[in-house]
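Read through the structure below, which is laid out as structure tokens, and then see the notes.
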Amino acid sequence: KQWYQRRVAITAGSPHRSLIVRAFSYTEQEPRHKLIRKQSKKMKEQLSSKGLSEKVQWNMPLIFDYGRPDDKVKRMELAFPWIADDEEETESTDDPKPLSQICKSDKNPKGWECAEFKEIKNPDIPNVQERIYKSANSVVTKIETNIFGEAQYEEALKRLEKYFNGHNNANLTMEIVVPVTFTMEIDDNFVPVEKFVAHGISVAVTDPPQPTDPKVYLMKNTPEFRVYVRAFGGVIPSAKSEEIYSRQFELLMKDLIKGKAMAENTVPPTLITLEYTNPEEGSQQRHEVVIPKPQTT
């Protein structure tokens, strides 16, 4: 049975959100990404026919899977944020830890080496920072999934950690450069295609060694690139991380659309998150959601 429902999502530490929800049954015979793409298309067609499409934020889907491994027929729900007429947008009040307290400088000699960038002032998007990252060296590895389709973040991070701890063809131990960069490539329906994690290599290492792990790749002299960045603070519980990041990407895209830096209904092919701090630092955290600036021809 297929149906629609209006809900209010209540999340600790985040604003309440109205959702439009479509529920459906499924089996394991159809690939998950194809199933979500098909149901998303049906949802758009049916709501458009009722003149309700403009109230839906199509670029921020939420997926609720109620199926258990032993269920032959399972239940899944596809939801999108719904813009209610009486709903006001609110933002997180947690301030991000300033980069001046994280990155190494004359005033902060014990800080981390940070990836170098130039900030571009854009008065049309006051809540967003536009940056140009300089050409640099880095190492990257793919975030694989287990048999249950769960992303194996810790395993990917350990592979990069080993590279910096001497698992390379020069047996060279190196300091890492922050932030940790998580990249997610998505399709037109916001379904993840591939995920990667990367660490920058210090500018002091002019000739970076090759990794010995075949799953780790050295990226030399990557070209400079321009991005839009939204920073936020606070602790991110692992159980809420996907929802919190989705919310922050949603707010970033709204600011870009409002400032005419992004066209409406645009689905960026790549989403990036940057992590500058450790969870052990408590509420003094810095997280950033990033969207590459579209290239103009």
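The values are calculated or read from the model by the stated rules, or taken from the named source; none is laboratory data. No experiment lies behind these values; they were computed from the predicted model shown. Glycine gets a Cβ as well: all are built from the backbone with ideal geometry, and neighbour counts include every protein chain shown. Each accessible area value is taken on the protein alone, full model and side chains, heavy atoms only, with ligands, DNA and RNA left out. Shrake-Rupley method; radii C 1.70, N 1.55, O 1.52, S 1.80 Å.
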Practice task
Scan region 161-188 for residues that are within 19 Å of the chain's Cα centre (by Cα) and more than 30 Å from K44 (Cα to Cα) and jot them down.
Solution key: V178, P179, V180, T181
Exercise for the section: Among the residues of region 210-228, write down those that are under 19 Å from A136 (Cβ atoms) and surrounded by fewer than 18 Cβ atoms within 10 Å (Cβ to Cβ). Expected result: Q210, Y217, L218, M219, K220, N221, T222, P223, E224, F225, R226
Practice task
Report, by residue number, each residue of region 59-81 that is surrounded by 14 or more Cβ atoms within 10 Å (Cβ to Cβ), among the hydrophobic types (A, V, I, L, M, F, W, C) and at pLDDT 75 or above.
Solution key: L62, I63, M76, L78, A79, F80
Practice task
Consider D213 carefully, then state whether it is farther than 24 Å from L78 by Cβ, charged (D, E, K, R) and in contact with a helix residue (DSSP H, G or I) (Cβ under 8 Å, 6 or more places away or on another chain).
Solution key: yes
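Taking region 209-257 only, how many residues are assigned to a strand (DSSP E or B), hydroxyl-bearing (S, T, Y) and more than 13 Å from the chain's Cα centre (by Cα)?
Total satisfying the criteria: 2.
Out of region 1-35, which residues are basic (K, R), modelled with pLDDT under 75 and either at positive phi or open to solvent by 90 Å² or more (accessible area, probe 1.4 Å) (or both)?
Matches in region 1-35: K1, R6.
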Practice task
Kindly state which strands (runs of 3 or more DSSP E) lie completely within region 107-181 and contain at least 2 residues that are among the polar types (S, T, N, Q) and either on the phi < 0 side of the Ramachandran plot or crowded, with 16+ Cβ neighbours inside 10 Å (or both).
Solution key: 136-142
Practice task
For residues that are open to solvent by 30 Å² or more (accessible area, probe 1.4 Å), of a type outside the set (S, T, Y) and within 29 Å of F64 (Cα to Cα), scanning just region 82-106, find the one that is modelled with the highest pLDDT.
Solution key: D94
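Scanning region 36-58 for residues that are open to solvent by 40 Å² or more (accessible area, probe 1.4 Å) and outside any helix (DSSP H, G or I), which turns out farthest from T266 (Cα to Cα)?
Filtering region 36-58 for residues that are open to solvent by 40 Å² or more (accessible area, probe 1.4 Å) and outside any helix (DSSP H, G or I), the one farthest from T266 (Cα to Cα) comes out as K50.
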